[in-house]
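Have a look at the structure below before the remarks.
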Amino acid sequence: MLADAAAVTPAYKGYLEKKGFWSWALTLDHKRIGVMYLLTTLLFFLVGGLFGLLIRLELLKPVAWVFSPQTYNELFTIHGTVLIFLFIIPAIPSGLGNFFIPILIGARDVAFPRLNIMSYWIFVFGILVILGSLAHPMDTGWTFYTPYSARTDAAVTMLSLGVFMVGMSSILTGLNFIVTVHKLRAPGMGWYRMPLFIWALYATSIIQVVATPVIGMTFLLLAAERVLGIGFFDPAKGGDPILFQHFFWFYSHPVVYVMILPAMGIITEIIPTFSKKPIFGYKAIAYSSLALAFAGFLVWGHHMFTAGMSVVADILFSVLTFSVAIPTGVKVFNWIATLYKGSISLDSPMIYALTFIFLFVIGGLTGMFLGSLATDVEVHNTYFLVAHFHYTMMGGTVMGFFAGLHYWFPKMTGRMLDERLAKVAWAIILVGFNITFFTMFIAGYRGMPRRFAEYLPMYQPENVVSSIGAVILTAGIAVMFYNFVRSLFKGDPAPANPWGGRTLEWQVASPPPEHNFDTIPTITEWPYGYGKRAGGDGKP
Amino acid sequence: MNNAFNMTGAASQTAGQIDNVFIFILSIGIFFFLVTQGALIYFVIRYKKRKGDPDRETPYITESRTLERIWIIVPSILVLAIFYYGYVVFMKVKTPIQGASEVNVVASQWLWKFRYPDGRVVVNELRVPLGKPVQLTMTSTDVIHSFYVPDYRVNQDILPGRYTYLWFTPDKTGEFVVFCNQYCGVGHSEMLAKIIVMPQADYDRWLTGAPAAGGAPLAGRGEQLVKNSGCLACHSTDGTLKVGPTLKGLYGSSVALADGSAVLADDNYMKESLYEPGAKVVKGFPNVMPTFKGVLTDDDVTAVIAYIKTLGPAGHMEPDEKAETNAGTHR
Amino acid sequence: MENRKGKAEAFADPMVSYESAKLGIWVFLMTEVLLFGGLFMTYTVFRIKYPELFHQDHLKLNRTFGMVNTLVLITSSLSVAVGIAGIRRGRQALLKVCLVVTMLLGATFLTIKYFEWSDDFARGLYPRTDVFFSLYFVMVGLHGIHVFAGICVMAVMLVMAQRGAFNKAYSTPVEITGVYWHFVDLVWIYLFPMFYLIG
């Protein structure tokens, strides 16, 4: 039953009613936990982004001029480590996922609320340990390849333990979500009546629980190498540095699907809502999420084509790598088909969602050069690779995250964002992003390696342009954050359903009451029944 | 250094083929990009709801099995083609070339040592004759490095405790830059080498030629050696602190060592530092300097010392009263 | 790390609560399989690479201690199973006794391990000695940490049982603790032959 689009007075606070530090610190409310994750991850988005700006400042000139090479190496390591472990992995699942999964399936909370708050504090504790390691900053790159990482002076052991804890938080959250989706769906909500955002987070959670333990073990072993003197990864002790790479990438490849699947899930919710048309190919999108999760585990060796693996391994990993292109393509085609003959509104969530498709397709297509053996040997570890992963992770996940924030801001806060400001921010971000990162494709193709504190002067033009782009990108993000903060206090009161969506969160007030639903709804149809119905039986 | 990095600068026999694979993938990529983004932009414009209009009734289209099949099968065929083409060319790069002359490459933090078939070792410079296949047999003495020649479109990691290989046949003369392409520490971006491809006749002449020009002043020869042997990656000549101590003012000074003692930087200290760098580590600096035994002959060392003398307080030694005399530490 | 599964206010139906807890512990155990799995993979890689070393070194381990420890752990799985069967029939006293017995057996395991390792160190066998001993100490050590964590959780269960929290209708926390403990036992049943027995 769709709620009226009636405005609610700003005095209504819903789950935000209770005040006080402990009402947040020890909360069992998934919505509050989600908000805490969002604020924490957004903080580290800004921190990691700041380090990115410092990198781009240094790279304005071919020689070390602001920072020494040692400091530069620490800058890019911190940039990668902070953004990957403290922002991009947890932001959508632990942030928006925690807030919305129970509501979207018609439940009052996740399966294990106490485990949920414990996961958050483990996350925070892990962050503190990681920050502690900055006393001797890491200079290994976020990939920590041995033997260098086992021998460097930096506080690798402390960082390993911090990352282990952050990973623990990730595993427990994934576990919580899997059980929640299996056991707590409202009556009548079969698997094929779930919103596709839930399918996406379900697939993500499976990856999280299967892959994260492997990186946990890898970091434990790295710490053990340094502390106990064992040598699994050290050739001087009979070990093998490539073994480290296998373990590292066995997690770190699937983790990019942890990063992208939730973002894709957000896009899959936004497009039908703003096209007023059912999502095209519900089952195809649901299955493609699972397929991506599965295929993601088979391809880790494509990070290691030049590492010294056997040619047979190279070939196997290359052909398997192309298999991930297919489910990705299925989603892209289905989103676009949803637009066909829709009634399209270009509100800010939709603009970000469409931008996601644009930038992510570029990122994904450039992955083909890296998956193909002949061209990978050319562009591996160059700025071409850096551009590829920034297009997929920032042009993809971060844009999807921004889209989700704009979409659900009214629901979470009870206030509307300023649409004009949102669109201005978007335009600046789009321009800045492309200038910053497209030039990297060129620099990399021309041969500029990554992780270079100093470079040959012939690469300076691209680097200067890219750095200018970074400043523009930062300005756009600043405008966006200004919009968030300002709207928290001055935004128009949000109705329950500002966008006319059909998923369950739009049937409760903005912000939702602590108990989510007065009565648990009984579900009789799928959530994408927009437009003229032929038979109206609610089946996808 | 020749700028051969332009898009048509492929300088080895397989490099051009790799470029062709790149163009193949690029074409397919651009095609998909235009199709998808074109459709996206077209649909958004065509079906945009005008402000103030009531919501148009949209058709209840939920799926099409046919379309799903098409956009699974067609991309599958295309990506398999991309994989196959990439694989075929990759095999050409990875297949050992019969009759290739073998050069041993030893990568260390942060320089390259090339050992030629005739036994000589040269730092940071690889000379090869045009058109003849070369096999690089590579290992590292410390951490993982990588041999990357953009002009040859090839890249291969170098591991400690193992050998990895690279084959190429240069088909253009000139100088081509080699980068280290696997992060290896603070000197990673300084770790450059160059491949100098010469016509066969010139190469033969170089191979049999005398090492140094006879009449060059010793210090001048020393300066060349310092420039070409990778010293400047870690030592400056102007007082800047880098990975290692500066060479400026070094000769004749009193050097504080890590073990608390002090030593006079005389000729013997210099020679020992070049051949056995770990014997006397300077306080405040890491013990990471590689040895130049087998790389610099005794004559070379003399020339290097002569050059370093020109960087410091001129001429004489000033033994410091507080320093240990070197009498007991000479070999 | 603790593996307590809290009772959720989200559940109106106790059956759903029970089934969720069961699903939760099995998912958690799957993560443990992957945690140890990486180490098992490392063992396999190095065993194939250094068969002679593995053969020589495995003879240096103390099989008696290993065998006794295996029996201790298997018995402890039996004791916790008896306790759970008991509480399902409402026998609170039996549960408490079995929890204590299991904890004691777990502590015995760790104590024997302490003596065994002291003896190993005295003979100059350390994690850094070679790849075999690195694997041995790391894998058995990680297992030991899990035994210790299990004992801690059981202590909490004992306190809850003392307060009368468990009865015929509700024993979910004990049951999932039991599943965890069986898993820890199972890992040892792999580790023991892998290190002590196979030549």
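The values are calculated or read from the model by the stated rules, or taken from the named source; none is laboratory data. Predicted model only: the values in this text are computed from it and were never measured. Note that each Cβ is placed from the backbone with ideal geometry, even for glycine, and that neighbours are counted across all protein chains shown.
Inspection of the range A:445-460 finds a residue satisfying the criterion of being surrounded by 24 or more Cβ atoms within 10 Å (Cβ to Cβ), within 14 Å of another protein chain (Cβ to nearest Cβ) and without any contact (Cβ under 8 Å) to a residue 24 or more places away in the chain.
Okay, residues lined up against (1) surrounded by fewer than 21 Cβ atoms within 10 Å (Cβ to Cβ); (2) modelled with pLDDT of 90 or more; (3) touching a His at 6+ places or on another chain (Cβ under 6 Å); (4) part of a loop (DSSP other than H, G, I, E, B):
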| position | (1), (2), (3), (4) |
| --- | --- |
| B:Gly86 | no, yes, no, no |
| B:Val89 | no, yes, no, no |
| B:Gly99 | yes, no, no, yes |
| B:Val106 | yes, yes, no, no |
| B:Lys113 | no, yes, no, no |
| B:Met138 | no, yes, no, no |
| B:Val143 | no, yes, no, yes |
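Among the criteria (1) surrounded by fewer than 24 Cβ atoms within 10 Å (Cβ to Cβ); (2) of a type in the set (Phe, Trp, Tyr); (3) more than 14 Å from chain B (Cβ to nearest Cβ), the one A:Tyr192 does not fulfil is (3).
Yes or no: the range A:206-216 includes at least one residue that is among the polar types (S, T, N, Q), surrounded by 24 or more Cβ atoms within 10 Å (Cβ to Cβ), assigned to a helix (DSSP H, G or I) and within 16 Å of the chain's Cα centre (by Cα). Yes, some residue in the range A:206-216 is among the polar types (S, T, N, Q), surrounded by 24 or more Cβ atoms within 10 Å (Cβ to Cβ), assigned to a helix (DSSP H, G or I) and within 16 Å of the chain's Cα centre (by Cα). Scanning the range C:177-191 turns up one or more residues that are farther than 20 Å from C:Leu104 by Cα and crowded, with 18+ Cβ neighbours inside 10 Å.
Please indicate, with yes or no, whether at least one residue in the range B:115-123 is more than 8 Å from chain A (Cβ to nearest Cβ), part of a loop (DSSP other than H, G, I, E, B) and either of a type in the set (S, T, N, Q) or crowded, with 16+ Cβ neighbours inside 10 Å (or both). Among the residues of the range B:115-123, at least one is more than 8 Å from chain A (Cβ to nearest Cβ), part of a loop (DSSP other than H, G, I, E, B) and either of a type in the set (S, T, N, Q) or crowded, with 16+ Cβ neighbours inside 10 Å (or both), which makes the answer yes. Scanning the range C:167-199 for residues that are among the polar types (S, T, N, Q) and either closer than 17 Å to C:Leu59 by Cα or part of a helix (DSSP H, G or I) (or both) gives C:Thr172, C:Thr177.
Between residues in the range A:200-229 that are at the interface with chain C (Cβ under 8 Å from one of its Cβ atoms) and residues that are basic (Lys, Arg) and in a helix (DSSP H, G or I), which pairs lie under 7 Å by C-beta distance while being six or more apart or on different chains? Pairs found: none. In the range B:33-61, the residues that are under 15 Å from A:Trp335 (Cα atoms) reach residues that are aromatic (Phe, Trp, Tyr) and part of a loop (DSSP other than H, G, I, E, B) with C-beta atoms within less than 7 angstrom, at least six apart or across chains, in these pairs: B:Phe43/A:Tyr340; B:Ile61/A:Phe280.
Return yes or no: is A:Pro235 within 21 Å of C:Asp130 (Cβ to Cβ), in contact with a Pro (Cβ under 7 Å, 6 or more places away or on another chain), in contact (Cβ under 8 Å) with a residue 12 or more places away in the chain and not charged (D, E, K, R)? It is true that A:Pro235 is within 21 Å of C:Asp130 (Cβ to Cβ), in contact with a Pro (Cβ under 7 Å, 6 or more places away or on another chain), in contact (Cβ under 8 Å) with a residue 12 or more places away in the chain and not charged (D, E, K, R).
In the range A:288-327, what residues are of a type in the set (Gly, Ala, Ser), crowded, with 18+ Cβ neighbours inside 10 Å and away from chain B (no Cβ under 11 Å)? If the condition is that a residue be of a type in the set (Gly, Ala, Ser), crowded, with 18+ Cβ neighbours inside 10 Å and away from chain B (no Cβ under 11 Å), then A:Ser289, A:Ala293, A:Ala295, A:Gly296, A:Gly301 are the ones that fit. A count restricted to the range C:124-177 and to residues that are touching a residue at least 40 places away in the same chain (Cβ under 8 Å), more than 21 Å from A:Gly238 (Cα to Cα) and of a type in the set (Val, Ile, Thr) stands at 8. Of all the criteria given as (1) under 28 Å from A:Gly231 (Cα atoms); (2) touching a Lys or Arg at 6+ places or on another chain (Cβ under 9 Å); (3) buried (at least 16 other Cβ atoms within 10 Å of the Cβ), the one not satisfied by C:Lys60 is (3).
Answer with yes or no whether B:Leu207 is over 13 Å from B:Trp112 (Cα atoms) and at the interface with another protein chain (Cβ under 8 Å from one of its Cβ atoms). No.
Conditions tested, residue by residue: (1) out of contact with any Pro (no Cβ under 7 Å at 6 or more places or on another chain); (2) over 29 Å from A:Pro235 (Cβ atoms); (3) at the interface with chain A (Cβ under 8 Å from one of its Cβ atoms).
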position	(1), (2), (3)
C:Met15	yes, yes, no
C:Tyr18	yes, yes, no
C:Leu23	yes, yes, yes
C:Leu29	yes, yes, no
C:Leu35	no, no, yes
C:Phe46	yes, no, yes
C:Tyr50	yes, no, yes
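With respect to the conditions (1) within 14 Å of chain A (Cβ to nearest Cβ); (2) surrounded by fewer than 21 Cβ atoms within 10 Å (Cβ to Cβ); (3) part of a helix (DSSP H, G or I), C:Leu135 lacks only one, and its number is (2). Go through the range B:89-101 and report how many residues are facing chain A (nearest Cβ under 8 Å) and more than 16 Å from B:Ser12 (Cα to Cα). Number satisfying all stated conditions: 0.
Screening C:Phe54 on (1) closer than 22 Å to C:Asp185 by Cα; (2) at pLDDT 90 or above; (3) surrounded by 15 or more Cβ atoms within 10 Å (Cβ to Cβ); (4) more than 8 Å from chain A (Cβ to nearest Cβ) shows it passes everything except condition (1). Inspection of the range B:55-62 finds no residue satisfying the criterion of being more than 7 Å from every other protein chain (Cβ to nearest Cβ) and loosely packed, with under 15 Cβ neighbours inside 10 Å. Here the condition is being assigned to a helix (DSSP H, G or I), more than 14 Å from every other protein chain (Cβ to nearest Cβ) and not basic (Lys, Arg); of A:Ile117, A:Ile103, A:Ile84, it holds for A:Ile84 alone. Checking A:Val386, A:Val379, A:Val361 one by one, the residue that is more than 10 Å from chain B (Cβ to nearest Cβ) and either touching a helix residue (DSSP H, G or I) at 6+ places or on another chain (Cβ under 7 Å) or of a type outside the set (Val, Ile, Thr) (or both) is A:Val386 and no other. Of note, A:Ala295 satisfies the criterion of being over 30 Å from B:Arg50 (Cβ atoms), hydrophobic (A, V, I, L, M, F, W, C) and under 21 Å from the mean Cα position of the chain (by Cα).
Say we look at the range B:124-172 and pick out the residues that are within 18 Å of B:Cys184 (Cβ to Cβ) and of a type in the set (Phe, Trp, Tyr); which of these is nearest to the other protein chains (Cβ to nearest Cβ)? Across the range B:124-172, the extreme among qualifying residues is B:Tyr148. For the range A:236-252, the candidate set comprises residues that are closer than 21 Å to A:Ala154 by Cα and at the interface with another protein chain (Cβ under 8 Å from one of its Cβ atoms); within that set, the residue that is modelled with the lowest pLDDT is A:Ala236. When B:Ile73, B:Ile25, B:Ile77 are screened for being part of a helix (DSSP H, G or I), out of contact with any His (no Cβ under 9 Å at 6 or more places or on another chain), hydrophobic (A, V, I, L, M, F, W, C) and at the interface with chain A (Cβ under 9 Å from one of its Cβ atoms), only B:Ile25 passes.
Can you name the residue in the range B:164-175 that is in contact with a Gly (Cβ under 9 Å, 6 or more places away or on another chain) and in a strand (DSSP E or B) and, of all such residues, is farthest from A:Thr152 (Cα to Cα)? Filtering the range B:164-175 for residues that are in contact with a Gly (Cβ under 9 Å, 6 or more places away or on another chain) and in a strand (DSSP E or B), the one farthest from A:Thr152 (Cα to Cα) comes out as B:Pro170.
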